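Novice: Following this message is one structure expressed as structure tokens.
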Amino acid sequence: MEGVMSPSNQKSNSISEKKGAFDAQAFLDSAGVARRVKAFKRAEIVYSQGDAAKSVMYLQEGGVKLSVVSEVGKEAVVAILGPGDFFGEGCLAGQSVRMGTATAITPSTVLVIEKSEMFKVLHEQHGLSDRFITFMLARNIRIEEDLIDQLFNSSEKRLARTLLLLARYGKEDQPHGVIPNLSQETLAEMIGTTRSRVNFFMNKFRKLGFIRYNGKIEINTSLLSVVLHD
């Protein structure tokens with residue numbers, strides 16, 4: 001579902017400007033800025049691998065899964081994004097097609113910024129430019145950490161770290177402790193193991209009080225002990 005948003009029907013941002021977040025409403029209200037916002041249902045495709053890459057996305061509400069499918073049909077989940085995250089930015093670096101698929105994992109609202117418009121505002125709006133650079137640097141650090149995690153840590157540690165990251169652990173300006181009730185297949189794809197192994201560790205974490213199921217998955221910060229334990 002797509003539409004034009006006005007100040008009267010736009011919900012207030014969950015992250016306030018004083019915390020350094022990009023003010024999406026101010027961006028929408030800026031003169032000359034295309035005001036395209038799209039709403040997605042759970043499991044709806046935002047864009048598919050191989051689609052033309054013509055825009056950058058900004059996730060205002062909800063959650064989005066980024067995944068890639070190999071030539072032999074094997075799928076890997078490469079990221080789970082939350083409010084305040086950008087995605088689809090590869091078009092700014094010359095990518096002509098999407099390298100992966102973006103899927104809403106909860107009802108989500110996405111701000112769609114055309115490539116030419118994104119280049120324009122990055123030059124003209126320093127607040128957006130600063131936030132975008134900060135986001136990209138943080139994502140690069142996350143990719144390096146994910147690679148180290150995949151190479152050196154056990155599947156149990158990888159799962160614990162992934163759950164903590166999904167719960168926004170360590171981000172003071174974000175709500176944390178609860179994550180969407182992702183399937184065990186999705187979690188297995190994210191950490192590079194089997195669904196049965198994920199099931200085993202999730203049951204173990206639950207019995208130890210590290211997590212709790214209540215429609216969603218509630219994460220106790222004590223789960224960090226799994227990551228820190230040698």
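Novice: Is there any pair with a first residue in the stretch 120-134 that is in a helix (DSSP H, G or I) and a second that is polar (S, T, N, Q) whose Cβ atoms are under 8 Å apart and which are 6 or more apart or on different chains, and what are they?
Specialist: Once the first residue is in a helix (DSSP H, G or I) and sits in the stretch 120-134, its partners that are polar (S, T, N, Q) give Val121/Ser30; Val121/Ser129; Leu122/Ser129; His123/Ser129.
Novice: Further question: Kindly check whether there is at least one residue in the stretch 207-230 that is open to solvent by 60 Å² or more (accessible area, probe 1.4 Å), in a loop (DSSP other than H, G, I, E, B) and charged (D, E, K, R).
Specialist: Checking the stretch 207-230: at least one residue is open to solvent by 60 Å² or more (accessible area, probe 1.4 Å), in a loop (DSSP other than H, G, I, E, B) and charged (D, E, K, R).
Novice: How about the stretch 179-201: which of its residues are free of Cβ contacts under 8 Å to residues at least 60 places away in the same chain, within 18 Å of Lys216 (Cβ to Cβ) and not in a helix (DSSP H, G or I)?
Specialist: Matches in the stretch 179-201: Ile179, Asn181, Ser183.
Novice: Another one. Check the stretch 105-119 and report whether any residue there is outside any loop (DSSP other than H, G, I, E, B), without any contact (Cβ under 8 Å) to a residue 12 or more places away in the chain and either in contact with a Phe, Trp or Tyr (Cβ under 8 Å, 6 or more places away or on another chain) or open to solvent by 20 Å² or more (accessible area, probe 1.4 Å) (or both).
Specialist: Checking the stretch 105-119: at least one residue is outside any loop (DSSP other than H, G, I, E, B), without any contact (Cβ under 8 Å) to a residue 12 or more places away in the chain and either in contact with a Phe, Trp or Tyr (Cβ under 8 Å, 6 or more places away or on another chain) or open to solvent by 20 Å² or more (accessible area, probe 1.4 Å) (or both).
Novice: Same structure again: Evaluate the following for Phe200: is it in contact with a strand residue (DSSP E or B) (Cβ under 7 Å, 6 or more places away or on another chain) and not small (Gly, Ala, Ser)? Can you show your working first?
Specialist: On the way: in contact with a strand residue (DSSP E or B) (Cβ under 7 Å, 6 or more places away or on another chain): no; not small (Gly, Ala, Ser): yes.
Considered against the rule, which asks whether it is in contact with a strand residue (DSSP E or B) (Cβ under 7 Å, 6 or more places away or on another chain) and not small (Gly, Ala, Ser), Phe200 comes out as no.
Novice: Something else now. Filter the stretch 65-94 down to the residues that are touching a Gly at 6+ places or on another chain (Cβ under 9 Å) and farther than 20 Å from Asp146 by Cβ and list them by number.
Specialist: Hit for the stretch 65-94 is Pro83, nothing else.
Novice: Looking at the stretch 77-99, can you tell me whether even one residue there is closer than 27 Å to Leu187 by Cα, open to solvent by 40 Å² or more (accessible area, probe 1.4 Å) and under 12 Å from the mean Cα position of the chain (by Cα)?
Specialist: Looking for residues that are closer than 27 Å to Leu187 by Cα, open to solvent by 40 Å² or more (accessible area, probe 1.4 Å) and under 12 Å from the mean Cα position of the chain (by Cα), one finds at least one in the stretch 77-99, hence yes.
The values are calculated or read from the model by the stated rules, or taken from the named source; none is laboratory data. Quick caveat, the model's predicted, so the values are computed rather than measured. In this analysis, Cβ positions are derived from the backbone assuming ideal geometry, glycine residues included, and neighbour counts consider all displayed protein chains. With ligands, DNA and RNA removed, areas are computed over all heavy atoms of the protein, side chains included. Shrake-Rupley method; radii C 1.70, N 1.55, O 1.52, S 1.80 Å.
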